[in-house]
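The values are calculated or read from the model by the stated rules, or taken from the named source; none is laboratory data. Source: prediction; values computed, not measured. Methodologically, a virtual Cβ is constructed for each residue, glycine included, from the backbone with ideal geometry; neighbour enumeration extends over all protein chains shown. The protein model used for the area step is the full one, side chains on, heavy atoms only, and it has no ligands, DNA or RNA in it. Shrake-Rupley method; radii C 1.70, N 1.55, O 1.52, S 1.80 Å.
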Amino acid sequence: MNISIKYMVDKVVKATVLICLCCLFFGCNSSDNDIKAIWSYEQRQTADPDFRFYPLETKTVGQVTVNDSLTFIKKALGQPVDTLLQQNSKTLRSLLQMQTLYVRYDMETMRENIAAEIRPLEASQKWLNSMKAKMENYRNMPSDKVLLRKVECRFEYEIPLTSKKETKDKIYYIHTTSGNVVQAEEKALVKPASSH
């Protein structure tokens, strides 16, 4: 009887320790990973190798879903992506024809001007194609799938020349799959309501 009780107590203790370790690992993991991602991002933003960054507080304040991303892309483009691709392609073809014409008549200056206009259009075409592919990829995903987490972080950093510490609040958008910060912005200051 005594051995079976000891065996059960050992099992309970092991299970409790295992549960505590899991809670500790999974409970802290998200915040720790956020801090690592934010620190890495801030480190890349500064040229100072002695950058001192001290996170004080992080919290997830929102998320960006597939539906949010599609809405943002459509709003940013202003027109359907296929329409923009057709317009860009048509302009690009016209410029290439003009460039061919200028080559035939040996008009070097005009050819250079046309080439300068073609490069940005080619870059736009490539970007529009990538947006179209991204939108098609999003359409195959559940609309409520979370792509980014919006994380608010208050941190202190040390100004290298003066060693003075400053506190800053920023919003970071962290990719849910890679865990990397894809964008950051200063947190808008909330002004107190006037007492008139």
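Heavy-atom accessible area, probed at 1.4 angstrom with all protein chains present, ranks Phe51, Phe72, Phe155 as Phe72, Phe51, Phe155, highest first. Note on Leu96 and Lys145: their simple-model spin labels are 3.4 nm apart, each label 7 Å out from Cα toward Cβ. Placing dummy labels 7 Å off each Cα toward the beta-carbon, the span from Ser40 to Thr177 is 1.6 nm. For Ile159, the solvent-accessible surface with a 1.4 Å probe is about 50 Å², rounded to the nearest 10.
Taking amide H as placed 1.01 Å from N in the peptide plane, the amide H of Asn180 sits under 5 Å from that of His175, each at least 5 places away or on another chain. Farthest towards the positive end of the charge dipole of segment 55-157, among the residues Ala76, Asn113, Met135, is the Cα of Met135, using unit charges on the Cβ of Lys, Arg, Asp and Glu. Within the assembled protein chains, the solvent-accessible surface assigned to Lys168 is about 60 Å², based on a 1.4 Å probe.
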